[in-house]
Every structure is written in C-alpha cells, then in structure tokens.
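What follows is calculated from the coordinates using simple rules that are stated; it is not laboratory data. None of the values given here were measured: they were computed from a predicted structure. Ideal geometry is used to build each Cβ from the backbone, glycine not excepted, and the neighbour counts take in all protein chains shown.
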Amino acid sequence: MAVRPIRLFGDPVLRTPSAPVDVVDDGIRALVRDLLDSVEPAGRAGVAAPQIGVGVRAFSYNIDGDIGYVLNPVLEVSGEPEPVGEGCLSVPGLWHDAIRHPHAKVTGIDVDGNEIVLEGEGLLAQALQHECDHLDGRLYLDRLPPETRRQAMREIRESSWF
C-alpha cells in the first residue's frame, strides 16, 4: 500500500494508549499492509500503528530481514533489565541507553485470527519491548535514567524537527 509518514515526538497519538483490534476488517488489513511497507526501509526495526497515526494495538517488525506484524500483542519479559543503545523513528537523531529486559516474548494474532508468538533476545527483544511501549502510549525516552532523559529533552528542543 504505502510507506506512511512517521508521527514525531509531541504528537498526542504517541502518548495515547491504543485500543485493541476487536474486528479484523478491510481497514485493519490495509493498516497491516501499510505497517509492513513502512517498516521495510533500511534502518527500521519496527513501526507501531500510533507512529503512523492509528491508535490500535498493532505493530510491524523488521529484524535481520525477517518482516512481519502482530495484532493485539501481549508482552512478557524476563531477565535483569540493563541499558541498551536505542533510538526511535518518532524521535529522530537521538540515541541513548534505554533500560530493557534481555529477553522478550510477544503473543498476538494475525489478520486471520491465528496465534503469533515472537520470542528472543538482543535486537528482537528490544524491538518487541519498544513497539509494545508505543501501543501503551510510552516512548523510549520514558525508559531513560533521569539525567539522560533531561539530556535527551534538551536535544529534542534543539533539534531542527521539533
């Protein structure tokens, strides 16, 4: 369908918890196609529906060329949280150590109602947590230690896109 524009920090849709997908209709199928198209460009590990302006619980991922999506994801994490270098398409140009769990698992469905389970460590675990945060109205900035978050907010205020 289309690579949709990414909503940037300050857009209220990024801070609003997303609604579950109750019915998979043509609109949800079109959203999934747009999410898949929007995550395909190089350098993108995931795109959540709110990042393209849609407040529903859906995201796409692109981890090492494995591209897919999940509707209504439920996140489980394990392991001791640790700082991990992270950025976000909705906060362009910033890169900071966010606190993330080393292992994550997401259970959800596809457009046909079949169960999807994604589980892993490293970039996959980080992406699953990052995208689920978007669906809960959180940004990776919320996972930064206080001093780093203050620095990130200064960088945002000084950025050309803000």
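From the phi angles alone, apply the Karplus equation (6.51, -1.76, 1.60; θ = phi - 60°) to region 71-80 and give each ³J(HN,Hα) in whole Hz, x where the residue is Gly or Pro.
Taking θ as phi minus 60°, the curve returns 9, 6, x, 10, 9, 10, 10, 8, x, 6 Hz for region 71-80.
Just round it to a whole percent: the fraction of Cα-Cα distances in region 47-104 exceeding 12 Å.
Working: 1240 of 1653 pairs.
Within region 47-104, distances greater than 12 Å cover 75 percent of Cα pairs.
Take every Cα-Cα distance within region 1-97, group them into 10 Å bins from 0 onward, and report for each bin the whole-number percent of pairs it holds.
Spelled out bin by bin, region 1-97 gives 15, 44, 35, 6, 0 percent.
Determine the shape class of region 22-77: with a ≥ b ≥ c the square roots of the Cα gyration tensor eigenvalues, call it rounded for a/c under 1.5, and otherwise prolate if a/b is greater than b/c, oblate otherwise.
Oblate shape, in that a/c is at least 1.5 and b/c is the bigger or equal ratio.
Out of the trypsin sites (Lys or Arg not before Pro) in region 57-162, which ones are loop residues according to DSSP with at most 16 other C-beta atoms within 10 Å?
Sparse-neighbourhood loop trypsin sites (Lys or Arg not before Pro): R138.
Around V24, with a cut-off of 11 angstrom between Cβ atoms, what is the net charge of the other residues, counting Lys and Arg +1 and Asp and Glu -1?
With Lys, Arg at +1 and Asp, Glu at -1, the neighbours total -4.
Do the sum for the chain: with -39,500 (n - 2.57) for every DSSP H run of n ≥ 4, divided by all residues, what is the mean residue ellipticity at 222 nm, to the nearest 500 deg cm²/dmol?
-8000 deg cm²/dmol
Report, in whole Å, the centroid distance computed from the Cα atoms of region 58-85 and region 110-140.
Measuring centre to centre over Cα atoms gives 3 Å.
What is the sum of charges around V91, taking Lys and Arg as +1, Asp and Glu as -1, for the other residues whose C-beta is under 15 Å from the C-beta of V91?
+1
Out of all DSSP beta bridges with both ends in region 12-158, state the antiparallel percent to the nearest 5.
Taking every DSSP beta bridge within region 12-158, about 95 percent pair in antiparallel fashion.
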